[in-house]
Structure formats: C-alpha cells, structure tokens
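Heads up, the thing below is written out as structure tokens.
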Amino acid sequence: MASTVWISGDTHFGEVKAISLFQRPFSDVATMDNALIDAINRVVKKRDVLIHIGDFCGPSAQGRDAQVAHALTMRKRILCKTIQLIRGNHDPKVAKFEALFASVKNQKTFRRNDGGERVVLCHYPLRAWRGQLGGAMHLYGHAHGALLEIGRSMDVGVDSWNYSPLRLSHALDMLAARPLMPPDGWVRRQETRRDVPEDF
C-alpha cells in the first residue's frame, strides 16, 4: 500500500504565547498540544510521510534545552515514522533536535508528479520564487494565516487548516487550478533610484 505525503507546520508545541498570539481556540498549552497531536495521528498513518514546514516547537521560557526536551516528548507521541522538517525560525540548530526528523533542510524543491511543475517549500512566505511565472508552486508557513496568498502560493501552517495536516497532493491540486501569473507579471512598482545625489 502506497504511503501518503502530508504537509503541515507552525505547530509551536509547548508555547503558551502561541494561543493568544495566533488566536488559537485552546484554553491552555496542554490542550493545544493534545489537539495538534490528535489531529496529526487521526489522519497521518504510521507509514505515511509528514513534511513539517517549520516551528515544530515554540521557544521555551526555560531555555533551549527545555524546548528540545519538549520536542522529543511531542515527537514520541506522533505515530508517523517519517517526518521531514523544513527549518523554521524557532527550530533549534542542535543535533539532538535534528535527530528527531528523517531530514532537516532550510528549503526543499521537487517536481510535481502530475504536471511536472516545480514545488518550492520554505518556512518563510516568498514574494518571488524560482519558476513562478512558469507555474511553479510555493508552500510556506510562518505567517499563521495573516498574509494574502499570491499566485500559486499557499500557507500550509495549522492556523490556516483547522489545526490539522493536509494531503500534499490536495494542496498542489488546489494550486494547479489557480491561474498562472501572466508573462508580463513583472510590472515595475518602484521608481528608479540613485545611491548618490545628482549634484555630487
């Protein structure tokens, strides 16, 4: 049986401030963690692949060691064997944390099976990405649903998807149905500038 690839991100496990900062409907951080873990385990099977677009755990008031320890606890509760991490700004650069994942990358690109379009994965929302005018797609997190999606780009963080992962194929099918940016899409928005006054 073929495995399914899922995508999610911005879980911010263990971060108390995430509830108010991102307007999440949870009474406390334990309730939030439990709901996010349950949502993952409900749909992502043991042999599936989960791509996490970054910020697995939020920062801890007790420091980085406490953050990494909480990440280990959360990872043990996720049934899926293979999680690929696209590093976010809150993901610590320490071996003990990175060992929780099948791979850790700052950015990932690949070709879509149906259609062959390039797909660019990055924690941060990009305004321009490789192949954009030719139909390339961009999946990101970080914004927690606060930015308008442009062209074939999509926020795949939990705050945009009812606190649950979504099938990667579903996300890409949705983006493929969106119109291409027209070839003349690069319209100058800024005046030409100089770095020294003209009377110099």
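Structure notes:
- Matching option when the condition is touching a residue at least 24 places away in the same chain (Cβ under 8 Å) and surrounded by fewer than 20 Cβ atoms within 10 Å (Cβ to Cβ), among Leu147, Leu175, Leu133: Leu133
- Helices (runs of 4 or more DSSP H) wholly inside the stretch 4-98 containing at least 1 residues that are at pLDDT 95 or above, of a type in the set (Gly, Ala, Ser) and closer than 19 Å to His170 by Cα: 29-43
- Residue in the stretch 67-75 that is of a type outside the set (Phe, Trp, Tyr), touching a strand residue (DSSP E or B) at 6+ places or on another chain (Cβ under 6 Å) and closer than 26 Å to Thr4 by Cβ present: yes
- The condition (being more than 21 Å from Cys122 (Cα to Cα) and touching an Asp or Glu at 6+ places or on another chain (Cβ under 8 Å)) is satisfied by just one residue among Ser20, Ser60: Ser60.
- Residue identified as modelled with pLDDT of 90 or more, under 13 Å from the mean Cα position of the chain (by Cα) and under 13 Å from Asp10 (Cα atoms) among Leu126, Leu121, Leu139: Leu139
- Residue that is surrounded by the fewest Cβ atoms within 10 Å (Cβ to Cβ), among those in the stretch 64-92 that are over 12 Å from Gly14 (Cβ atoms) and free of Cβ contacts under 8 Å to residues at least 12 places away in the same chain: Lys76
- Scanning the stretch 152-179 for residues that are of a type in the set (A, V, I, L, M), part of a helix (DSSP H, G or I) and under 16 Å from Gly88 (Cβ atoms) gives a single hit, Val158.
The values are calculated or read from the model by the stated rules, or taken from the named source; none is laboratory data. Just so it is clear, the model here is predicted, and its values are computed rather than measured. Note that each Cβ is placed from the backbone with ideal geometry, even for glycine, and that neighbours are counted across all protein chains shown.
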